[in-house]
Amino acid sequence: MSVKRKPPVLQQKKEEVNKKAIAWTAASLVVLILIIVAVIVLANAGNQ
């Protein structure tokens with residue numbers, strides 16, 4: 001008789017880590033874009 005094994009629990013943790021990584025990456029990109037826009041606006045304000 002073969003015993004069916006349950007799927008490993010690590011897969012759920014990997015999915016959670018991936019979601020966190022995606023969230024951190026997206027947040028970092030948004031912050032980076034905001035900083036770039038702020039620098040461009042300040043540079044244009046200084047030239048006028």
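Each value in this text was obtained by applying a stated rule to the coordinates, not by laboratory testing. Just so you know, these numbers come straight off a predicted model, no measurement behind them.
Below, the figures for the structure above:
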{"quantity": "Additional length obtainable on full extension of the chain from Ala45 to Ser28, 0.36 nm per residue less Cα span", "calculated": "3.6 nm"}
{"quantity": "Rounded to whole Hz, the Karplus (6.51, -1.76, 1.60) HN-Hα couplings of the range 23-32, x for glycine and proline", "calculated": "5, 5, 5, 5, 5, 5, 5, 4, 4, 4"}
